[in-house]
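Enquirer: This is the structure I want to talk about, given as structure tokens.
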Amino acid sequence: MKARFLLGVCLSGVVAFLGTASTSHAQQGQYVTQAAARLSKLIDAGNNAGYSLQNNSFSLGGGWLKKSESWVAIYSVNLVKGTKYRFLASGDNDAKDVDLRVMDPEGNQVAIDDKVDLNAIVNYTAKTSGKHMVQIRLYDSNENLPAVCLSAMMIMKK
């Protein structure tokens, strides 16, 4: 329940921000809602698998992405060696293939989900402590349209 409240608060801020965007992207809030609904299901599944959103820490991010083979850095997080994390990503109704990867402090890819799927799930046990970069890409979309892609980071409950 607390995770849903935090997700709602975060998404309200995102919707408010997108509501101020230029008129060329009017009504983007509907895309945030679509992506958030998909991400919420992934978070619930993560909860059932023993993961949770972290208290008083970064948990959610995302953006309005164009279809591309290039990766977009969406957030960096401090991970603790030996701790199990789950990174999630999903897109709105125009997204067809959302990919997610984790880069270690040296810039090496340490985990990836690049399967052809609307959702991406990366389970990763940190090999080193330090700042890791989470990257996302919209690899494919309906009619090459941009899409809202959202991501969450969860930690294994102790």
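None of the figures in this text is laboratory data; all of them are computed from the coordinates on show. Computed from a predicted structure; not experimentally measured.
Enquirer: With a/c under 1.5 counting as rounded, go ahead and sort region 35-117 into rounded, prolate or oblate using the C-alpha gyration tensor (a ≥ b ≥ c being the square roots of the eigenvalues; past the cut-off, prolate if a/b is larger than b/c, else oblate).
Expert: oblate
Enquirer: While we're looking at this one, here's another question. Report Rg/Rh for region 77-151, rounded to two decimals, where Rg is the Cα radius of gyration and Rh the Kirkwood radius. All intermediate terms of the calculation are to be shown ahead of the outcome.
Expert: Values: Rg = 13.1 Å, Rh = 12.7 Å.
Result for region 77-151 is an Rg/Rh of 1.03.
Enquirer: Among the listed pairs LYS41/LYS127; LYS127/LYS157; LYS41/LYS157, which are separated by more than 21 Å between their Cα atoms?
Expert: Distance filter (> 21 Å) returns LYS41/LYS127.
Enquirer: Still on this model: Quote to one decimal, in nm, the extra length available between SER76 and TRP64 on full extension: 0.36 nm per residue of separation minus the C-alpha distance between them.
Expert: Contour length minus Cα-Cα distance gives 2.5 nm.
Enquirer: A follow-up question, please. Taking H as built 1.01 Å from N, whose amide H comes closer than 5 Å to the amide H of HIS132, not counting residues under 5 places away?
Expert: VAL77, ASN78, LEU79
Enquirer: Do any of LYS66/LYS131; LYS81/LYS131; LYS67/LYS96 go past 18 Å between their Cα atoms, and which? Present the calculation step by step, with values, prior to reporting the outcome.
Expert: Values: LYS66/LYS131 26 Å; LYS81/LYS131 11 Å; LYS67/LYS96 10 Å.
Flagged as over cut-off: LYS66/LYS131.
Enquirer: What does the extension gain come out to for MET156 and ASP44, with contour length at 0.36 nm per residue minus their alpha carbon separation?
Expert: 39.0 nm
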